[in-house]
1. Could you list Trp214, Trp121 so that the one with the fewest beta carbons within 10 Å of its beta carbon is first and the one with the most is last?
2. Which percent, to the nearest 5, of DSSP beta bridges fully inside the chain are antiparallel?
3. Cut-off 10 angstrom, C-alpha nodes, Gaussian network model of the chain. Which of Tyr163, Tyr112, Tyr66 fluctuates the most?
4. Post the alpha-carbon centroid distance, segment 153-170 to segment 34-70, in whole angstrom.
5. Restricting everything to alpha-carbon atoms, can you work out Rg to Rh for segment 110-188 with a Kirkwood hydrodynamic radius?
6. If we count every other residue with Cβ under 11 angstrom of Met139's Cβ, Lys/Arg +1 and Asp/Glu -1, where does the sum land?
7. Regarding the chain, what whole-number volume in Å³ per residue does the convex hull of its Cα atoms give?
8. At a Förster radius of 41 Å, what calculated FRET efficiency corresponds to the Cβ-Cβ distance of Ala178 and Ser54, to the nearest 0.05?
Amino acid sequence: MKKSVTFLLAALILSGPAGAVLLPGAGQAQAASAVLSVGVTGGAVTQLQSNLLSLGFFDYPSATGYYGSYTQAAVSEFQSSYALPVTGQADAITAEAVRRAVLKQSLVQDTYSYIGIPYIWGGATPSPGFDCSGFIYYMYSKFGVPQTRTTTVNLFKQGYTVYKSMLRPGDLVFFRIAGGTDVDHVGIYAGNGAFISATSSKGIYVQQLDNSYWGPRYAGARRIY
C-alpha cells in the first residue's frame, strides 16, 4: 500500500493534481530528461548536486560532477522526504521535484523581506498590504507559478495533502481560527516548525506551527507546487 501511495504522489507531480499548476513546458522538458544514476558524470550531475546541497541533502562540501555514493544517498533521502519512490536515481519526476523545491526555498527566503507589511483585507500587494490568501497569491506569482487570486477555502482544495511530519519549505499550512468547519487562515511553511503569514495583528509575521495559539487551530497542509 505504501509503495502505491508513493507512486501516486510521484505521478501527481508531473501530471498536476486538481488545482495545481505546472510551469509552461515543464512536462515536455522532463519527458526528455535522462535518468542520472551511479557512474554518470557531467554538468547535469553538477547542477543536481548543487541543488541538493542548497536543500541540505548532499552531504559533501561541494558539487563534483560525478554521481557516486554520496549523490545516490542524497537523492534517496530527498525522495524519501518528498514521498517519492526511493530509487537513488534522479529520474524526471525527481528532477522536477528538486527544481520545485529549490524554487520554493528561494520563495521562502524572500518572504522574510515582507515582514511587518500590514494586514489589509483583500490585499495582494506590498502596498497597501496583504491578507493571508493574497500573500500566497503574490509570492507564488512573483516566483513564476501562475496563480488565480482566490480564497483560503479554495486554496485548501488545491494540490494534495501533506502530513505534518512531511512538511517542506513552501508548502501551505491551514488553520481554523473562527472554530468552524472551514479553514480561514493560510500561511507558507518556512521550515523548522515555523510558518509565515499575513496576520491581522502583526501583518506579515513568522510564528511557530505548534505554539499555544496556532497548534490547536491547525487544519492541515497542502502542496500545490
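1. Fewest to most other Cβ atoms nearby, the residues stand as Trp121, Trp214.
2. 95 percent
3. Result for the chain, Cα springs under 10 Å: Tyr163 fluctuates most.
4. 28 Å
5. We get a ratio of 0.95 for segment 110-188.
6. Surrounding charge for Met139 is +1.
7. Each residue corresponds to 129 Å³ of Cα convex hull volume.
8. Calculated transfer efficiency: 0.60.
Laboratory data are not the source of any read-out in this text; all were calculated from the coordinates shown. Predicted, not measured: the structure shown is a model, and the values here were computed from it. Positions of Cβ are backbone-derived with ideal geometry, glycine not excepted, and every protein chain shown enters the neighbour counts.
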